[in-house]
C-alpha cells in the first residue's frame, strides 16, 4: 500500500514537474485567424488578418468574418498587436491562406516567411498567394458571393485545383523547399479581384514567377495551364481549340483526362539538352453542334495531330518566355540535372542562369482522344 | 442461541453437556433452556411407538422442512412399528435407521452441537427415550424461486436458464450441461455464523491441479462470520484487491459457468445467491458475451470490436474533449472548433468544471435509476434527459457539445456492462490528467493504467494474457472470435496440460 502511494506520488510529481506546457485556455476566449496577409514591409509592416467571429450562441451561431489591420515594426509584433482590438487570445493554427502584395513579393519573401516558419503555432500547410493588381486588404475586404469569408472562399477554390488548371497551388513548405533546393525557382498562384454582381470577388488564376525569393513577373492563366502540365500537376480542366476537319474550321472544347510527362536531361560531352515528352489523353466536351464524326478514325487521327501541334507550339512559347524573358527555372530543369547527372551539374551549377537561357529543349507531344462523351457521331437534324 | 453464545465467548459447559443424555426429558429440557432458548420456530413432536412403548421426539425447525415427508416417512413408521424390547442404545438406533425410517439421508449423532446443526439446516432430529444417540434425517424443504431468465444477462439467442438462490438447484443446472464424471463438485462451509454452503466446480483433467488447490486454500483461509453473497468471497480471495478492475468473474448463467470450467477455470457457487464466481478472470473476458459463441463468428467479432471501441469511448471521450478544447484546438477541424467556441460563449464555467459537473450529474441519475422500482426509475431518466439536458443548455449552464460528450460516454458505458463501474473511475482519472496537461496528460493516464493492468495477475495468470499474445492460436478468441473449428486448442495459460479441445478426427472432418 505504501509502495503504491509512493508510486502514485512519483507519477504525479513527474507529470507536474518535468513539463513546461501548461496551456489551458478556454476555447471561447480564443479568436481564430483563418487567413492573413502582408501589404507592405517598409517603413512599417502592415498585417491584415481575417478572423472568424461567432455571433449568437448554440444553434443560432453564425460566423462573421472580421478583418483587422495593424501596423508594426515587424510581422510578429504586428500579429501580437491584434490582441488589443480583438480582445481575445489570437489563435493562429487554423490560418489556411497567407497573401502577400505584389510589392512585398518583389521586395523578397524571406523577410515575411522567416518569422512565419519560426512561429510554433502556424502551419506549414498554409497556402501562399500573391495579390495581383490590388492590395491584400482589398482582397480580404471583397465579397465572395456564397461563402462567408475570403479565406474560406480561397481555400475552397484551391481545393478545386485538381479539376482546374488555371493555377498551381503552393503550400508554405513547398515554396520554402523550392527556395532552398538547387536548380529550381518558385511560383505562387495569383489572386485577382473581378466584378461580380456589383461586388468585387476574389478569383485565383495565373501565377507569379520568382527568382530566389523575389518576384519577377506574372504568368497568364493560359501560360499557367502549360506550367501545370509541365510540372505534372494538371489533372483536369478544359480548353477550346480551332480544329480543322475536312476543310471546315470548328471550335471544339476539349477536356484533360490525364497526362504523362517525361522530362529527361541528355548530356553529350559538354552539350546539355532537355527532352520533354508529354502524352495527353483528351476527351471531347463539345463541338458546338458541328458535323464532326468521331467514329471515323481518320477524323480522330487528324484531331490528335492538330492538338499535338497546338501544344508543341504553346510549350515552345512558354519555354521561350521563362528561358529568355524571365530567365527563371520554374520547371526545375536544374534540379533534374542535379539528380540525374550530378557530375555535369557540378560543372555548370555556378553558371546555370546563362546555361538555362540557351538550353535547347526538345519538345515532343503525343495526343490521344480517349473519350468523346456519350456520342461519337454528330447530332443530325432532319432536312 | 447456541452459535450466538459461542460467538460472544460463552462456551457451553462442554464436558457434561456436549453429549446427549440417555434421559429424553433431560435432553429436551436442556435444548429448550439453552440451545434453542427463545426460539419459537423449533417444533418438538412427541409420540410413542407400539408395544413395547417407547417415548420418541421429533425436533425440527418450522418451515425449513417438508412436513409431509416428516409425517409419512419418520413419524408414521415409528408409530406403527414395535421396536424389539431387547435392543438398547446404539443397536436400537441402528435398528431404527436401518429398518424403520424410510429416507435416503439419515445420520446418527451423539452431541447437541450436531443436533443443532442439522435442525437449523432443515433436518428432522429423532431422539428416543433411553438412548444417548439421535438420528438426523434430511428433510429440507423451503420456498425456492423457479429457474428463470436472469435479469442482468439476458440474451437474444441462447438458453433462458438462470441460477436461483438455491445451491442444489444451481449445481444441478451446471451438471446437466456437463454430463461427465470428470466434472467435480466439492462442498465447503464458509462463515462462522452463516455456515454458507459453497460448491467448487471444475473439470478434472482440464483445470490445473494447482489452480484448484489455490482456490481451495484461499476459500479455506476466509474467517468471517457471514457470507451472504458471492461478492463476500470474491473480495476475500481476489488478486489486486485495491484495483477496480475485476480479477474474478461472476455470472448468473449456467451455460457461462459450463463454458468457463470447460476452458480450465474453476467456478465457485454460493448458496443464497444466483451469482456464481469464475476464476481466473482475464481482461478479455470482460468483453466476451456468451452470445458471441452462438452467433456467426463474423457477427460476433464485430460485436466484440464494438465493445472495445465502446470501452475506449466511455473512458476517454470526456478527457479527450477537454484536452482538445482547452489545450489543442488546432487538432479540431476549423469549423468545428469555431462552433464549439460559439456554443460555449455564454457558459459561465470553465470546460473542466462543465465536464466534471455533467459527469457527476450523469452518475447520480444512473445510480438513482438503478435501484428504484421500474416506473419510478423511468421518471428519473425522463427528468434527467429532458429537464436537465435541455434546460441546462437553454439556460446556458452547459454547452450543447458537452451534452453529446456525456451522452456518448453514458451509452458506450452500457455496452461494456462488466466494466462500467471501473470505467467511471478511469474516466475521472483521465479527465483530471487531461485538464492539467492536455493530450500529454491523457496519454500519461492511459500509460499508467496499462502499466497497472500489465502488472496484475488473476490466480497466477497475467491479467492481459491472450490480449497481448503474439501467437495466432492465442489470439483466436480475443478481439475477434474465430469459428469453433479453428479453435483447436484451449487457452494456453488456463489449461496448460490438456490443451486439445477439438479432436483430430473431427478436425479433419471439418476440412
Among the residues of region B:133-147, how many are at pLDDT below 85 and touching a helix residue (DSSP H, G or I) at 6+ places or on another chain (Cβ under 8 Å)?
3
Provide a single number: the residues in region B:87-115 that are in a loop (DSSP other than H, G, I, E, B) and under 18 Å from residue B:22 (Cα atoms).
3
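Among the residues of region B:329-348 satisfying the criterion of being assigned to a loop (DSSP other than H, G, I, E, B) and more than 7 Å from every other protein chain (Cβ to nearest Cβ), which is surrounded by the most Cβ atoms within 10 Å (Cβ to Cβ)? Break it down stepwise before answering.
So in region B:329-348, the residues assigned to a loop (DSSP other than H, G, I, E, B) come out as B:332-333, B:344-348.
Filter once more, so that each one left must be more than 7 Å from every other protein chain (Cβ to nearest Cβ): B:332-333, B:347-348.
Values: B:332: 19, B:333: 9, B:347: 22, B:348: 9.
Among residues in region B:329-348 that are assigned to a loop (DSSP other than H, G, I, E, B) and more than 7 Å from every other protein chain (Cβ to nearest Cβ), the one surrounded by the most Cβ atoms within 10 Å (Cβ to Cβ) is B:347.
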Say we look at region B:349-382 and pick out the residues that are more than 9 Å from chain A (Cβ to nearest Cβ) and outside any helix (DSSP H, G or I); which of these is modelled with the highest pLDDT?
B:349
Looking at A:270, A:304, which one is more than 17 Å from residue A:331 (Cβ to Cβ), out of contact with any helix residue (DSSP H, G or I) (no Cβ under 7 Å at 6 or more places or on another chain), assigned by TED's automatic domain parsing to the domain that holds residue A:338 and buried (at least 16 other Cβ atoms within 10 Å of the Cβ)?
A:304
Take region B:148-168 and flag every residue that is outside any loop (DSSP other than H, G, I, E, B) and either crowded, with 16+ Cβ neighbours inside 10 Å or in contact with a helix residue (DSSP H, G or I) (Cβ under 8 Å, 6 or more places away or on another chain) (or both).
B:167
Regarding region B:120-137, can at least one residue be identified that is in a helix (DSSP H, G or I), in the same structural domain as residue B:45 (by TED's automatic domain parsing), touching a strand residue (DSSP E or B) at 6+ places or on another chain (Cβ under 9 Å) and over 30 Å from residue B:296 (Cβ atoms)?
yes
With respect to residue B:284, determine if the residue is at negative phi, in contact (Cβ under 8 Å) with a residue 12 or more places away in the chain, part of a helix (DSSP H, G or I) and within 14 Å of chain A (Cβ to nearest Cβ).
no
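Matching residues to (1) under 21 Å from residue B:428 (Cβ atoms); (2) surrounded by 16 or more Cβ atoms within 10 Å (Cβ to Cβ); (3) more than 40 Å from the chain's Cα centre (by Cα); (4) in the same structural domain as residue B:426 (by TED's automatic domain parsing):
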residue: B:351; (1), (2), (3), (4): yes, yes, yes, yes
residue: B:364; (1), (2), (3), (4): yes, no, no, yes
residue: B:367; (1), (2), (3), (4): yes, no, no, yes
residue: B:378; (1), (2), (3), (4): no, no, no, yes
residue: B:394; (1), (2), (3), (4): no, no, yes, yes
residue: B:399; (1), (2), (3), (4): yes, yes, yes, yes
residue: B:402; (1), (2), (3), (4): yes, yes, no, yes
residue: B:405; (1), (2), (3), (4): yes, yes, no, yes
Subset of region A:8-66, residues at pLDDT below 85, in contact with a helix residue (DSSP H, G or I) (Cβ under 7 Å, 6 or more places away or on another chain) and more than 12 Å from chain B (Cβ to nearest Cβ), comes to none
Condition check for residue B:45: in the same structural domain as residue B:122 (by TED's automatic domain parsing), under 44 Å from the mean Cα position of the chain (by Cα) and in contact (Cβ under 8 Å) with a residue 24 or more places away in the chain:
yes
Selection count where residues are part of a helix (DSSP H, G or I) and within 14 Å of chain A (Cβ to nearest Cβ), scope region B:383-421
12
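In region B:1-56, which helices (runs of 4 or more DSSP H) lie fully inside it and hold 1 or more residues that are under 27 Å from residue B:91 (Cα atoms) and at pLDDT below 80?
In region B:1-56, B:14-17 are the helices (runs of 4 or more DSSP H) which contain 1 or more residues that are under 27 Å from residue B:91 (Cα atoms) and at pLDDT below 80.
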Number of positions in region B:94-111 that are surrounded by 13 or more Cβ atoms within 10 Å (Cβ to Cβ) and either within 16 Å of residue B:73 (Cα to Cα) or not assigned by TED's automatic domain parsing to the domain that holds residue B:126 (or both):
9
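Okay, residues lined up against (1) surrounded by 19 or more Cβ atoms within 10 Å (Cβ to Cβ); (2) within 23 Å of residue B:307 (Cβ to Cβ); (3) within 14 Å of chain A (Cβ to nearest Cβ); (4) in contact with a helix residue (DSSP H, G or I) (Cβ under 8 Å, 6 or more places away or on another chain):
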{"site": "B:423", "(1), (2), (3), (4)": "yes, yes, no, yes"}
{"site": "B:438", "(1), (2), (3), (4)": "yes, no, yes, yes"}
{"site": "B:441", "(1), (2), (3), (4)": "yes, no, yes, yes"}
{"site": "B:447", "(1), (2), (3), (4)": "no, yes, yes, no"}
{"site": "B:455", "(1), (2), (3), (4)": "no, no, yes, no"}
{"site": "B:466", "(1), (2), (3), (4)": "yes, yes, no, yes"}
{"site": "B:480", "(1), (2), (3), (4)": "no, yes, no, yes"}
{"site": "B:483", "(1), (2), (3), (4)": "no, yes, no, yes"}
{"site": "B:500", "(1), (2), (3), (4)": "no, no, no, no"}
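Restricting the search to region A:67-114, which residues are within 14 Å of chain B (Cβ to nearest Cβ) and without any contact (Cβ under 8 Å) to a residue 60 or more places away in the chain?
A:86, A:87, A:88, A:92, A:93
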Sole miss for residue B:256 among (1) more than 11 Å from the chain's Cα centre (by Cα); (2) in contact (Cβ under 8 Å) with a residue 60 or more places away in the chain; (3) in a loop (DSSP other than H, G, I, E, B) is condition (3)
Scanning region A:273-303 for residues that are farther than 9 Å from residue A:245 by Cβ and in a helix (DSSP H, G or I) gives A:297, A:298, A:300, A:301
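The values are calculated or read from the model by the stated rules, or taken from the named source; none is laboratory data. Computed from a predicted model, the values in this text were never measured in an experiment. Cβ sites come from the backbone with ideal geometry, for glycine too, and all protein chains shown count toward neighbours.
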